[in-house]
Amino acid sequence: MSAVPRRRRDPSQRPIGRRLLEGDGRERRAPHAPPGRPRGRVMPRAVLRFVTHRITQHPDTDVTYEAECLHCKWKAEPSTDSAAVDVECMSHTGLSNHRGFRRMCTSFAMVVRAE
């Protein structure tokens, strides 16, 4: 059985010990600044402004209605008129006796400031 060689410590590296983790009281401080005062140049603080927003439908788009059958792969033609999609679903029910549909209503929205 051979012994595992020990690693030599690099003299340029300091071991991390308890004093380094907890602080040993020798941290660097500016010699001229008393404790509790800011050191160096004081920067202006940020100004936070809270603005109320609202969400609205995008003005350049329309709402699109779609439907698809839950029993087969049939899909209604997408339309901006919800009644037209409903009529297509009822027509599909009359032909196939499939009564379950998934309806989707797609619209695009944008957030604007409420001023």
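The values are calculated or read from the model by the stated rules, or taken from the named source; none is laboratory data. The model shown is predicted, which means the values in this text are computed figures rather than measured ones. Glycine gets a Cβ as well: all are built from the backbone with ideal geometry, and neighbour counts include every protein chain shown. Heavy atoms of the whole protein, side chains included, go into the accessibility calculation; ligands, DNA and RNA do not. Shrake-Rupley method; radii C 1.70, N 1.55, O 1.52, S 1.80 Å.
Take the range 62-94 and flag every residue that is open to solvent by 40 Å² or more (accessible area, probe 1.4 Å), closer than 15 Å to Thr106 by Cβ, assigned to a loop (DSSP other than H, G, I, E, B) and not acidic (Asp, Glu). If the condition is that a residue be open to solvent by 40 Å² or more (accessible area, probe 1.4 Å), closer than 15 Å to Thr106 by Cβ, assigned to a loop (DSSP other than H, G, I, E, B) and not acidic (Asp, Glu), then Pro78, Thr80 are the ones that fit. I'm trying to understand the selection: among the residues of the range 95-110, which are without any contact (Cβ under 8 Å) to a residue 40 or more places away in the chain and not in a strand (DSSP E or B)? Scanning the range 95-110 gives Leu95, Ser96, Asn97, His98, Arg99, Gly100.
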